[in-house]
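Note sheet for the following structure.
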Amino acid sequence: MTEKPAIILKPADYSCWKKIHVIGDIHGCHTVLREALPEIREDELYIFIGDFLDRGLENAAVLKFMLGIRDRKNCHFIEGNHEESLRSYAEDVPVTDSEFLRRTKDEIAGIDKKEIRMFCRRLRQCEYFSCFGKTFLVCHGGIPALPPLGLPGVAARDLIYGVGSYADSDKIAASWARTQPHDFIQVFGHRSSKEAPVRLSDNVYCLEGKVECGGNLRVLEISENAITSREYQNRIFDPSRSLDVPELVEQLRKNRFIIEKNFGSVSSFNFTTQAFERKIWNEQTITARGLFIDTGTGTVVARGYRKFFNIEERPETRLEALKASLRFPVRVFRKENGFLGLVSLYNGELFTTSKSNPLAEYAGFFRKLLDEKCQDPEALREYLAENPVTLVTECIDTVNDPHIIRYPESSVVLLDIVENTMEFSRRSYQELTTLGERLGLPVKKLCTVLNSPEEFQSWYNEQRQETPDLLAEHVEGYVIEDASGYMVKIKLPFYSFWKKLRTAAGLLLRQKESPGRLNKKGERFMNWLSARIKRGLDHINIIELREEYVQETGDRMTD
């Protein structure tokens, strides 16, 4: 890696410049950058605050502009957190940032890496200077105060990534204003909301204006007579970025039906039990399902599916509504009966987790099974290093977590390849099957394709007539995916019946009341189970108990 320049111990004297321009986060937005800087004047200094690329639509043009002014003495470049990916790319070091891999890498592919490396050598961690009777610290991330040793006591990472979380810009400003002289001014970018002003306090300015979301490129002009901020609105942007990750995190945290768990800088977001029981479903609670975000950098670390529903569970998933709204053809996949396991790459290491907790027991079960079943671990790591995605899997653990459906052995089934973005997006089934072959892992089974509402109705009627025979092969249900990617599911009668009996059996074992009335078949099983408990039983494995019941009674429940 390129050695970083040393931090200056005393402020440089920049009084030789007629004016100093500090340009905020650009994020690949070239058109608005040239609007803000139609020319580079020789007697004025230009300080670019970092995050030159990523998220915007004009990354190559921005990079070419930066390379064109790279060697000018009046152009200084500060390193932002997004420059880590650019540096790694130029030095052929694996890049892990999902945004860079998803879009930026391809856009800048034609630009000479040697030129990029030379540009990266010009990057500074900060600008510390005096002019016009004031002292300035310009850095990308923002710090709350100088330690007693001054700048030598500040970690370079804090200058680049900032201190505290992404949403702490106001706290940073308040702390700096409280601890530093009024004529010692800090300017940073990296974090802010669209609504936050450029001037956060008397001596703190923030130049992050969400330019990539249609916000503003912010520029601070420092002259002998004044400090003036200018904002230039970007009109060339991806509308899907109207709500960025940090803003979404703020909204999720304010929602009382969403629970956040912290694992270092990574937070998981999931809807609460109360949301599930009360059916509090909206855009946020549907999104907060196996969602892992690095709240420091504002990036998606891993994610599962958005919450999707059973047929007849909601008005829009009623059979007649679906027949009218589904886009045909629709594909029907077998729904496996296990628990969700997610795997992605984070900071160069595999990030394996259950739906809500990478440290939980079930995450450990998943991790162990993945190690056992994946035939090419290096291929898994390579794929995730090259693709900013999460592999969503069904973890079927017949030893530690038997469910309702019998499986001959434990396995990890690849369900989908989900992009690590806030906008839910999946790779193709073909790519999934190719990856499964490469890793030696099974993929979700495509059962049938339905081409019309009439075929869908006929297929649905057949599933409702599923055989109850205890010795027949059964599945939990099916996931239906239409041509637009919309998903809905169906749980089959056998699964639903035995899931209810498993709950009743657990209550009986704990000498509690049964959850509601059972039909005659359920009562037969529960009467047998009551006698079985008296003979000695300390746990409920409904699969083994069901098979023991058939062996002892000969009752296959086909009536």
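The values are calculated or read from the model by the stated rules, or taken from the named source; none is laboratory data. What you see is a predicted model; the values in this text were computed from it and never measured. Neighbour counts are summed over all protein chains in view; Cβ atoms, including those assigned to glycine, are modelled from backbone coordinates with ideal geometry.
Residues being buried (at least 20 other Cβ atoms within 10 Å of the Cβ), over 30 Å from Asp92 (Cβ atoms) and either out of contact with any Asp or Glu (no Cβ under 6 Å at 6 or more places or on another chain) or modelled with pLDDT under 90 (or both) are entirely absent from segment 156-165.
Got a number for residues in segment 250-286 being among the hydrophobic types (A, V, I, L, M, F, W, C) and more than 15 Å from the chain's Cα centre (by Cα)? Outline the logic, then answer.
Going residue by residue through segment 250-286, those that are among the hydrophobic types (A, V, I, L, M, F, W, C) are 252, 257-259, 263, 266, 269, 271, 275-276, 280-281, 286.
Filter once more, so that each one left must be more than 15 Å from the chain's Cα centre (by Cα): 257-259, 271, 275-276, 280-281.
Final tally of qualifying residues: 8.
Residues in segment 184-202 that are modelled with pLDDT of 95 or more and surrounded by fewer than 21 Cβ atoms within 10 Å (Cβ to Cβ): Phe184 only.
Looking at segment 165-283, what strands (runs of 3 or more DSSP E) fall wholly within it and have at least 1 residues that are closer than 24 Å to Gly50 by Cα?
Details: elements: 184-188, 199-201, 204-206, 216-222, 227-233, 258-263, 266-271.
In segment 165-283, the matching strands (runs of 3 or more DSSP E) lie at 184-188, 199-201, 204-206, 216-222, 227-233, 266-271.
Given the structure, is Phe184 within 20 Å of Gly28 (Cβ to Cβ) and assigned by TED's automatic domain parsing to the domain that holds Arg34? Judged against the criteria, Phe184 is not a match.
In summary, strands (runs of 3 or more DSSP E) completely within segment 320-436 and bearing 2 or more residues that are out of contact with any Gly (no Cβ under 7 Å at 6 or more places or on another chain) and among the acidic types (Asp, Glu) occur at 411-419. Here segment 271-312 is the region considered, the condition is being aromatic (Phe, Trp, Tyr) and touching a residue at least 60 places away in the same chain (Cβ under 8 Å), and the residue that is farthest from Asn420 (Cα to Cα) is Phe309. Scanning segment 303-316 for residues that are more than 22 Å from Leu101 (Cα to Cα) and part of a loop (DSSP other than H, G, I, E, B) returns Arg306, Lys307, Phe308, Phe309, Ile311, Glu312, Glu313, Arg314. A search for C-beta distances below 9 Å between a residue of segment 447-469 that is under 29 Å from Glu547 (Cα atoms) and any residue that is small (Gly, Ala, Ser) and surrounded by 13 or more Cβ atoms within 10 Å (Cβ to Cβ), counting only pairs 6+ apart in sequence or on different chains, returns Gln463/Gly477. Within segment 136-155, restricting attention to residues that are in contact (Cβ under 8 Å) with a residue 12 or more places away in the chain and farther than 17 Å from Ser175 by Cβ, the residue that is surrounded by the fewest Cβ atoms within 10 Å (Cβ to Cβ) is Pro152.
Would you check which residues across segment 120-145 are aliphatic (A, V, I, L, M) and either out of contact with any strand residue (DSSP E or B) (no Cβ under 8 Å at 6 or more places or on another chain) or modelled with pLDDT of 95 or more (or both) and list them?
Leu123, Leu137, Val138, Ala145 - these are the residues of segment 120-145 that are aliphatic (A, V, I, L, M) and either out of contact with any strand residue (DSSP E or B) (no Cβ under 8 Å at 6 or more places or on another chain) or modelled with pLDDT of 95 or more (or both).
When you look at Arg532, is it within 27 Å of Asn461 (Cα to Cα), without any contact (Cβ under 8 Å) to a residue 40 or more places away in the chain and not assigned by TED's automatic domain parsing to the domain that holds Glu476, yes or no? No. Considering segment 443-456, the residues that are assigned to a loop (DSSP other than H, G, I, E, B) and surrounded by 13 or more Cβ atoms within 10 Å (Cβ to Cβ) include one that is farthest from the chain's Cα centre (by Cα), namely Ser452. The residue pairs whose first member lies in segment 404-420 and is within 20 Å of Ile480 (Cβ to Cβ), whose second member is assigned to a loop (DSSP other than H, G, I, E, B) and polar (S, T, N, Q), and whose beta carbons are closer than 9 Å, counting only pairs six or more residues apart or on different chains, are Ile405/Asn337; Ile417/Asn387; Ile417/Ser428; Val418/Ser425. In the set Glu99, Glu91, Glu107, which member is surrounded by fewer than 21 Cβ atoms within 10 Å (Cβ to Cβ), under 29 Å from the mean Cα position of the chain (by Cα) and over 14 Å from Val62 (Cα atoms)? Going through Glu99, Glu91, Glu107 in turn, the sole match is Glu91. Starting from residues that are in contact with a helix residue (DSSP H, G or I) (Cβ under 8 Å, 6 or more places away or on another chain) and buried (at least 18 other Cβ atoms within 10 Å of the Cβ), keep the ones in segment 292-316 and report whichever is farthest from Val249 (Cα to Cα). This residue is Ile311. In the set (1) in a loop (DSSP other than H, G, I, E, B); (2) modelled with pLDDT under 95, the condition left unmet by Val300 is number (1). Of all positions in segment 230-243, none carries a residue that is in contact with a Cys (Cβ under 9 Å, 6 or more places away or on another chain), at pLDDT 95 or above and surrounded by 15 or more Cβ atoms within 10 Å (Cβ to Cβ).
Within segment 489-504, residues that are more than 17 Å from Phe309 (Cβ to Cβ) have Cβ atoms under 7 Å from residues that are of a type in the set (Phe, Trp, Tyr) and buried (at least 16 other Cβ atoms within 10 Å of the Cβ) in these pairs: Leu501/Phe525, counting only partners at least 6 apart in sequence or on another chain. What about Arg318, is it in the same structural domain as Tyr486 (by TED's automatic domain parsing), in contact with a Leu (Cβ under 9 Å, 6 or more places away or on another chain) and not hydrophobic (A, V, I, L, M, F, W, C)? Judged against the criteria, Arg318 is not a match.
On the given criteria, is Ile227 assigned by TED's automatic domain parsing to the domain that holds Ala145, aliphatic (A, V, I, L, M) and within 17 Å of Glu58 (Cα to Cα)?
Criteria not met by Ile227.
Taking the stated definitions as given, is Gly440 modelled with pLDDT of 95 or more, surrounded by fewer than 18 Cβ atoms within 10 Å (Cβ to Cβ), on the phi > 0 side of the Ramachandran plot and not hydrophobic (A, V, I, L, M, F, W, C)?
Against the criterion (modelled with pLDDT of 95 or more, surrounded by fewer than 18 Cβ atoms within 10 Å (Cβ to Cβ), on the phi > 0 side of the Ramachandran plot and not hydrophobic (A, V, I, L, M, F, W, C)), Gly440 qualifies.
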